[in-house]
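The values are calculated or read from the model by the stated rules, or taken from the named source; none is laboratory data. Predicted model only: the values in this text are computed from it and were never measured. Note: ideal-geometry Cβ built from the backbone for every residue, glycine included; neighbour counts use all protein chains shown.
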Amino acid sequence: QVQLVESGGGLVQAGGSLRLSCAASGRTFSNLARGWFRQAPGKEREYVGGINWSGGSTAYGDSVKGRFTISRDNDKKTVFLQMNSLKPEDTAVYYCAADPSAYYGSDYRRYDYWGQGTQVTVSS
């Protein structure tokens, strides 16, 4: 099993920044590719982006391209989501996910492991 724990959420004004972390523990393959998703009340889960195991390749959803950046520190088994120029529509619970097949794309059904989520609220 792999345990994922997100942290770093909070309340921020529009235009501000936050950095989320996703720390992994458990089985030795915890330096997996990771995906970030978000879900706002009454809305479907949305792909934010993903990163491969080495950090050499990333992908982003259209709504966050140019504003969000995903990186990782494999020594710490942690993946980061740097969120800049935040907008009220970025308000959601943000989830980190991982899958042993090295997938980091937008199909949430492909991911086996999920964190508990962290709330991000952007005020206008």
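Out of the residues in the stretch 84-102 that are at pLDDT 95 or above and assigned to a loop (DSSP other than H, G, I, E, B), which is surrounded by the most Cβ atoms within 10 Å (Cβ to Cβ)? Please lay out each step first, then the result.
If we filter the stretch 84-102 for residues that are at pLDDT 95 or above, which is where we start, we get 84-97.
The next check asks that each one be assigned to a loop (DSSP other than H, G, I, E, B); those that pass are 84-87, 91.
Numbers: 84: 14, 85: 13, 86: 22, 87: 14, 91: 18.
Residue satisfying both the conditions and the ranking: 86.
Of a type outside the set (A, V, I, L, M), more than 12 Å from the chain's Cα centre (by Cα), over 16 Å from residue 104 (Cβ atoms) and surrounded by 14 or more Cβ atoms within 10 Å (Cβ to Cβ): which single residue out of 63, 21 fits that description? Working first, answer last.
On the way: 21 fails: more than 12 Å from the chain's Cα centre (by Cα).
The conditions single out 63.
Could you count how many residues in the stretch 66-83 are more than 18 Å from residue 39 (Cα to Cα) and exposed (fewer than 15 other Cβ atoms within 10 Å of the Cβ)?
Here the count works out to 6.
Working only within the stretch 108-120, note down all residues that are surrounded by fewer than 16 Cβ atoms within 10 Å (Cβ to Cβ), touching a residue at least 24 places away in the same chain (Cβ under 8 Å) and over 16 Å from residue 24 (Cβ atoms).
The one that is surrounded by fewer than 16 Cβ atoms within 10 Å (Cβ to Cβ), touching a residue at least 24 places away in the same chain (Cβ under 8 Å) and over 16 Å from residue 24 (Cβ atoms): 119.
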